[in-house]
Amino acid sequence: MPRLPSKKSVLPRTGRERVVIESVAPSIDCGRFPIKRIRGDEVVVLADVFADGHDVVACTLYVRKGGARSGIESRMVALGNDRFQGTFVVSELGTYGYTVRAHIDRFASFCLELSRRPPEDPDLTSAWASGALLIAEAAEGAEHAGAQAEALALREAERVFRCDGAASTKRALAIDNVLAERVYRFAERRHETTFERELMVSVDPERARSSAWYEFFPRSFGALRAAHAMLEYIADMGFDVVYLPPVSPIGEYLRKGPNNSPTATATDVGSPWAIGSARGGHKAVAPELGTLADFRAFCEKAASCHMEVALDIAFQCAPDHPYVQAHPQWFRHRPDGTIQYAENPPKKYQDIYPLDFETEDWQALWQELRDVFLFWIKQGVRIFRVDNPHTKAFSFWEWVIADVRGRHPEVLFLAEAFTRPKVMHRLAKLGFSHSYTYFTWRNTKHELIEYFTALTRGPGREYFRPHVWANTPDILPSYLQYAPRAAFAARLILAATLSANYGIYGPAFELMENVPRSSGSEEYQDSEKYQLRMWDLNRADSLRDLVALINRIRRENRALQDDRGLEFHAIDNDNMICYSKATSDGESVILVVVNLDPYHRQSGWLSWTADCAAGADGRSVQMHDLLSGARYLWSGGRHFVEISPENIPAQVFRVRRHTISENNFDYYC
């Protein structure tokens, strides 16, 4: 039986704090986890702050950089209905703490009460004396702070309140904002209330806000040195992150053959995710790819092409990984003493041993895995795509990400976790900078609107940064299987314009690889995960030019570099979707219309008030289709669009305010 509370009551720590602070936002799980922002962002903090009675409450926002003993504070502005707002800018990478403080502003309360009294009130003499005491207290505070000029001004105000001068002069002084501000700055804050906890914000580099990723297998192009030409190819398409599968030695024991065959020949290359052999483990480069020096040269070449290298980190081991012999306690064993290989029924991964995060030797395991990140950071990597983090302990990720970012706050982590929503969101809260999404399986208009509305308008917008992929080496979506060129083009445009962070696995994507291994499978036939592939990058039907155009549009339009300005618009055809993105200042506005049917021409009337996005002056706006180059003049709230999938199955409009004049008819409809 649960025990009933004792009848004896305990006095609070202090009973003289009269102000209540609640509903502080933004806050995740009552402050358990930090919100996320980009360096240079302004953080807007809101709070409900009130007290008993009718006294005026003064509210301040206190902010300190992580690790600092002290911070700075600024006064919050009253919005009405006891709601206050304050702002601060996060100018450095790392973490910031913020909280709200409040107290009774006694001089402001005095002035408010004075304003309600009639001039002939007989108790004004007592009121002037009370006001003089409050001003005198502030003057003492100014003197103690060494602000002599401020102290002299306050002493003069005190003298006016104490003298026998006209009441009108004293009233005018009492409502003087300059005096009120002086008193506020130097008066003692008696019985100040501080919000119950310090909230946190994690600050990432600009790359976390917007990025375009391209994944490829260097081994299909020879090795790391030979793949330098591939970096130029990727850079020419406008990507800013090149993502590599694991580059460590691949296990030889129980190596998989083509199409995930359980048997392999001596010439089969195996899966890069079966990490480790006699040639090294997670802190080594596969000899067939080159050396550590070659890897560093690859990173340097990428930097010269204005790209960053993202490296796949998969915390799992091939049976012949050095960890298996040196630390068998890090793995889960069957009753017969053998190590359990990975399974995801009906799939079996005989070439992979998962790590056991319940091992008694967990501290040594955690430190070793942390050192894997630090090792690759030393080689030049600042972005990690983490394989299947949802199969490792949450507590490990919270610790290791905080530890690594405490040393290197510029490092980013992408969670490749296709799993249950709550698990995906927990990983994001724990510190992952980006998160894979279900975009790969969201195809219909309703699915896309519902999903991206939840991502950009739901509570997760404070911590869950969506990273959408049109395809991956593991996933050939059913929408793209045996699909025409228009299907690939539509998915590219959706991915690159719905989300500020997106990626493709190439050259499979731009060369429209679309044959699954078997009916009902989402795996590629002759998957590059298990064998080398030869790619004809100069094929005439390649989507290379369209990819380059889309990435250029993203770079040149700030609206596409953030997720917060996304808004969907009605269009009377379920085979078409319409949405816009706009910056908060309204200087960059993009409107996108996509034909979701890759086989047929579609048309419809969309509802979108042009003047609302372009200047609110009721005049026409110029709609410049950045894909075709066509320019239109739109006015009003309903607009007809028609898109054929044979060419480009979308229109991406840059919106500009435009005034019609008799000399300006060089636009066509």
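The values are calculated or read from the model by the stated rules, or taken from the named source; none is laboratory data. Because the structure is predicted, anything quoted here is derived from the model rather than measured. Note that each Cβ is placed from the backbone with ideal geometry, even for glycine, and that neighbours are counted across all protein chains shown. Remember, those area values only see protein heavy atoms, side chains included, never the ligands or the DNA or RNA. Shrake-Rupley method; radii C 1.70, N 1.55, O 1.52, S 1.80 Å.
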* Length-normalised contact order for the stretch 393-530 - Cα pairs under 8 Å, 6+ apart - percent -> 20
* If you roll a 1.4 Å probe over the chain with all protein chains in place, what percent of the accessible area is carbon or sulfur? -> 50
* Asked: For the stretch 386-438 and the stretch 530-607, what is the separation of their Cα centres, given in Å?
  -> 28
* Asked: Given 0.36 nm per residue, what is the gain on full extension from TRP441 to GLU587 after removing their alpha carbon distance, in nm?
  -> 49.2 nm
* Under 5 Å between amide H atoms, partner at least 5 residues away or on a different chain: which partners does VAL468 have, H built in plane at 1.01 Å? -> ASN501, TYR502, GLY503
* Most to least packed among 574-583, 356-365 [average Cβ atoms within 10 Å] -> 574-583, 356-365
* Roughly how much of GLU587 is accessible, in Å² to the nearest 10, using a 1.4 Å probe? -> 140
* Asked: Between ALA303 and ASN538, what is the spin-label point distance in nm, taking each point 7 Å from the Cα along the Cα→C-beta axis?
  -> 3.2
* Structure fact -> From highest to lowest solvent-accessible area (probe 1.4 Å; ligands, DNA and RNA excluded), CYS30, CYS163 read CYS30, CYS163
* **Accessible area (Å², 1.4 Å probe, nearest 10) - THR194** => 70
* Asked: Separation between the HIS569 and ALA129 pseudo-spin-labels, each 7 Å from Cα along Cα→Cβ, expressed in nm?
  -> 6.9
* Asked: How big is the charge dipole of the stretch 52-166 about its Cα centre, in debye rounded to the nearest 20, if each Lys and Arg gets +1 on its Cβ and each Asp and Glu gets -1 on its Cβ?
  -> 580
* Cα-centre dipole for the stretch 223-360 with unit charges at Cβ (Lys and Arg positive, Asp and Glu negative), debye to 20 -> 260
* Given charges at Cβ of Lys, Arg, Asp, Glu: the stretch 260-396 dipole, positive-most of GLY276, THR391, HIS306 -> HIS306
* If you roll a 1.4 Å probe over the heavy atoms of the protein chains, what accessible area per residue do you get for the chain, in Å²? -> 46
* Asked: Would you list TRP376, TRP399, TRP366 from the most to the least accessible area, probe 1.4 Å?
  -> TRP399, TRP366, TRP376
* Given charges at Cβ of Lys, Arg, Asp, Glu: the stretch 227-357 dipole, positive-most of PRO249, PHE357, ILE339 -> ILE339
* **Separation between Cα centres of the stretch 148-183 and the stretch 235-260, rounded to whole Å** => 74
* **Nearest-20 debye value, the chain charge dipole, Cβ charges on Lys, Arg, Asp, Glu** => 800
* **Links that overshoot a 28 Å alpha carbon limit, given the list LYS348/LYS429; LYS36/LYS581; LYS392/LYS529; LYS283/LYS529** => LYS348/LYS429
* **Probe 1.4 Å - accessible area at TRP605, Å² to nearest ten** => 110
* To do: Please name which of PHE439, LEU546, HIS408 has its Cα lying farthest along the dipole of the chain towards the positive end, using unit charges on Cβ (Lys, Arg +1; Asp, Glu -1) and the Cα centre as origin.
  => HIS408
* May I ask you to evaluate 6.51 cos²θ - 1.76 cosθ + 1.60, the Karplus curve with θ = phi - 60°, for each residue of the stretch 239-252 and list the ³J(HN,Hα) values in order in whole Hz, giving x for glycine and proline? => 7, 10, 9, 10, 10, 10, x, x, 9, 6, x, 9, x, 9
* To do: In nm, give the distance between the simple-model label positions of ILE339 and THR391, each being 7 Å from the Cα along the Cα-to-Cβ direction.
  => 1.4
